[in-house]
Amino acid sequence: MIQDDYEMVPDQSTGSPDSGEPVFVIIGKLRRPHGLHGEMIMEIHTDYPERFSTGKTIRVGHQQTPLLIRSIRPHNEFLLIAFEGYNDPEELSIFRNQSVYIDTKEIPDLPAGDYYHHQLIGLQVISENEQQIGMVVEILVTGANDVLVVQQKDNKEVLLPYVSEYLIEVNLDLGYLKMR
């Protein structure tokens, strides 16, 4: 099973290395100021919203501006979040439509056999008889199951369903995924 809990930070300007684990992952998106008390509406892009709590620091925008959470509460399918030092809705407008990040060191471990998308992107995909298929470049989240987008050497893409019937092995240490 793979978790779509986090989006990998896509480029060097946001602090990710050229290879390996990203430095930061996106866990939400600030939308707009709400009310008169310095709160913002935030979309949740994580299966673990309990990580948001008063006193916790998150990072916002391409510069990963650190912000200390002053308060947080549910609001429909979103959260209302306020930050220390920002009490006026006008001050918050600079964070409108900005992504919310955390350091990858802060993401929870998953049970054995479960993976985050960012762990699978970049893995080589091989067949059960060790033939090179390509590299995972994207994961499509569908209603039934996730689908791996695998780029071959000729730049053609192959779509492979990420289901137990086809998956033989995931080896993060050696950087490959073996499929039937």
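The values are calculated or read from the model by the stated rules, or taken from the named source; none is laboratory data. Treat the numbers as computed from the prediction; the structure is a model and nothing was measured. Glycine also receives a Cβ, built like all others from the backbone with ideal geometry; neighbour counts cover every protein chain displayed. The accessibility values were calculated without ligands, DNA or RNA, using every heavy atom of the protein model including side chains. Shrake-Rupley method; radii C 1.70, N 1.55, O 1.52, S 1.80 Å.
What lysines does K105 reach when the alpha-carbon gap must be under 26 Å and sequence neighbours fewer than 8 apart in one chain are set aside?
Of all the lysines, those that pass the test against K105 - Cα under 26 Å, at least 8 places apart if same chain - are K29, K56.
Between A112 and K153, what FRET efficiency follows from the Cβ-Cβ distance if R0 is 30 Å, with the result rounded to 0.05?
The pair A112/K153 has a calculated efficiency of 0.40.
Add -39500 (n - 2.57) for each DSSP H run of 4 or more in the chain, then divide by its residues: what number comes out at 222 nm, to the nearest 500 deg cm²/dmol?
Dividing the helical sum by the residues of the chain leaves -500 deg cm²/dmol.
Once both labels are modelled 7 Å past Cα along the beta-carbon direction, what's the R96-N129 spacing in nm?
5.9
Using the crude model of +1 on Lys and Arg Cβ and -1 on Asp and Glu Cβ, and no other charge, please compute the dipole size for the stretch 37-175 relative to its Cα centre, in debye to 20.
In total the dipole reaches around 400 debye.
All other residues with a Cβ under 13 Å from the Cβ of G61 taken together, and with Lys, Arg as +1 and Asp, Glu as -1, what is their net charge? Could the numbers behind the result be given before it?
Working: positive: K29, R59, R96; negative: none.
Cβ neighbours under 13 Å give a net charge of +3.
Could you please state how large a percent of the accessible area of the stretch 32-131 is carbon and sulfur, counting protein chains only and using a 1.4 Å probe?
47
Let me know the shape class of the stretch 36-170, please: from the alpha-carbon gyration tensor, a ≥ b ≥ c as square roots of the eigenvalues, rounded when a/c is under 1.5, otherwise prolate if a/b is greater than b/c, or oblate. List each step's numbers first, then the result.
Details: a/c = 2.92, a/b = 2.52, b/c = 1.16.
Prolate, since a/c reaches 1.5 and a/b exceeds b/c.
So with the 1.4 Å probe, I'd like the accessible area per residue for the chain, rounded to whole Å².
In whole numbers, the chain has 55 Å² accessible per residue.
May I ask you to compute the full-extension gain from S71 to D103, defined as 0.36 nm times their residue separation minus their alpha-carbon distance, rounded to one decimal in nm?
9.5 nm
Label H37 and V23 with points 7 Å out from Cα along Cα→Cβ: what is the distance between them in nm?
Calculated label separation equals 3.6 nm.
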